[in-house]
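Each value in this text was obtained by applying a stated rule to the coordinates, not by laboratory testing. Just so we're clear, the structure is a prediction, and the values are computed from it rather than from any experiment. Cβ atoms come from the backbone with ideal geometry, glycine included; neighbour counts cover every protein chain shown.
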Amino acid sequence: MRIRSFLFFSAVLLTSFSFQSKAQQGADDLAKMLEQEDKTAKHKKDYTTATFKATRILDGNSIENTGKGVLDFRIMHRFGELSTGASNFYGFDNAATKLALDYGITKWLMVGVGRSAYLKEYDAFTKVKILRQVKNGGMPLSLSYATGATLQGEDVQLAPDGSKYSVVDRMRFYHQILIARKFNDWLSLQLMPTLIHMNVVDSSKDANDIMAMGIGGRIKLSTRFALTGEYYYTLGNKLSGHDYQNGLSVGVDIETGGHVFQLVFTNATGLNEHSFVAQNTSKWSNGGIHFGFNISRVFTIVQPEEFKHTNNKSW
Amino acid sequence: MKKILFAIVLISSTTGAYAQKYMTRSGKISFFATGGTEKIEAINNEVASILDSKSGDVVFQVPVKSFKFASALMEEHFNENYIESDKFPKSDLKGKVSNISEVNFEKDGAYKVTVVGKLTMHGVTKEVSVPGTITVKGKQITLSSKFKVLLADYEIKIPSVVKDKIAKDAEITVNSILDQK
């Protein structure tokens, strides 16, 4: 009797155990079925996102675009040289600001306008995504094209004969190819071959076109904190007149809710391409370093399809 | 005694027969995690799910990157900072409808059910019990449910600066139409 009841008990135990494992196995089998079918289904490209946090590495363009229907209001601020010392409060007494409005027309096309205090410049630019890095095999890098124009204020600099330069004479242009790769979740690098064109240069010895190679990168230290840097090396002849320096900026990205906050140390004063690529008068080696920051605040203007029906303002 | 044993073996061996499966690849899951004035809401229309009407086994697979937000920046933050979708691209629920026998798949109607199983999110797996409804309509069934998950349970960290903006628990709404396979 005892043996019998033991047998019975163990049998019940066994079957209930097999029920138990069956339950989990059933779901696992179903999950496998889904995955099996997933493989046969058309494979969706897994595009790399967030190669950089913002649309500028620090001064210049990053591979990122403003999202579709998103307006990005940027305040960029550069103080004077740290080496100007205590009497100038280490550069804080003089500052150059740029206000910019960027807008994403589509996923791959953005435009922007800006106004800089330095040289009293207006600028407009556009950036187009051409290639996108794909994570699950395929395209190993992202590639974009950026181009822009600046118009210097008419009273900033007069022509040698004392007259004012015409609008055309005060314009400068840039063209950039941005080639970027996010190597892993903490390292992104970018190359940016750049062509600067100036309608008027100071000396007849200077060429109107300047070529430069830029390199930039990001090291992400935590989800909200990253080190960034960019450097522009002028190829061929630099502009004469000044001892113009290659532009070097290092900084950090700090992200809070709706803002990206960038702190920067740089030898660039100007915030437009022709300035920070080819016309830096400050020198890192003798303390010609400017402290500065960028603040970006985004506003969703056009809601994505899924949210058209809801009437929520998401800023 | 032997009869009982035989009956048990028989019953256990017959479960799983006549398995009728319902499936979709375009189910919908949305969530709501608003803490302050800023609406935090996302919709995912690429949820795969499958239900075995006989055994009650049910699976939901959610490609995390397919959650769409009203704000592009919020979407990026969700992927980069909170759910870490590069590291944990899929969330899933593997479970069983505990009262599947109460659902008559032959007869149109709405049936209250409970799904007991394992929810995996952000690389963390937890046992959950979720109330829901199976609505049968011809050869289609709709799985719907609304439940809350505590973000801290899944090691999703909310930094103190945005603590007031994000709810501690996210309300998840499931609404998937499955077709008979």
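Of note:
- Charges were assigned to the Cβ only: +1 to each Lys and Arg, -1 to each Asp and Glu. The resulting dipole of chain A about its Cα centre is roughly 1380 debye.
- The alpha carbon centroids of region B:63-78 and region A:240-301 are separated by 30 Å.
- Net charge of neighbours whose Cβ lies under 10 Å from the Cβ of A:Arg115, counting Lys and Arg as +1 and Asp and Glu as -1: 0
- Region A:73-148, relative contact order [Cα under 8 Å, separation at least 6], %: 20 percent
- Summing +1 for each Lys or Arg and -1 for each Asp or Glu among the other residues whose beta-carbon sits under 12 angstrom from that of A:Phe92 gives -1.
- For region B:85-181, GluC sites (Glu not before Pro) are listed when DSSP marks them as loop and at most 14 other Cβ atoms sit within 10 Å of their Cβ; the list is B:Glu106, B:Glu155.
- Kirkwood hydrodynamic radius (C-alpha pairs) into Stokes-Einstein, region B:109-181, 25 °C and 0.890 mPa s, D in µm²/s: 173 µm²/s
- 13 Å beta-carbon shell around A:Lys283, net charge (K/R +1, D/E -1): -2
- Crossing angle, helix B:2-14 versus chain B [Cα axis fit, 0-90 degrees, rounded to tens]: 50 degrees
- Degrees, to the nearest 10: A:2-40 long Cα axis against longest axis of chain A: 30 degrees
- Residue-averaged [θ]222 nm for the protein assembly as shown, counting only DSSP H segments that reach four residues, each worth -39500 (n - 2.57): -4000 deg cm²/dmol
- In order through region A:117-128: 3J(HN,Hα) via Karplus (6.51 cos²θ - 1.76 cosθ + 1.60), integer Hz, x for Gly, Pro: 5, 5, 6, 6, 9, 9, 9, 9, 8, 9, 9, 10
- Largest-first ellipsoid semi-axes for region A:70-306, taking √(5λ) over the Cα gyration tensor eigenvalues, angstrom: 30, 22, 19
- For chain A, the residue among A:Gln133, A:His242, A:Ser163 whose Cα projects farthest onto the positive side of the dipole built from Cβ charges is A:Gln133.
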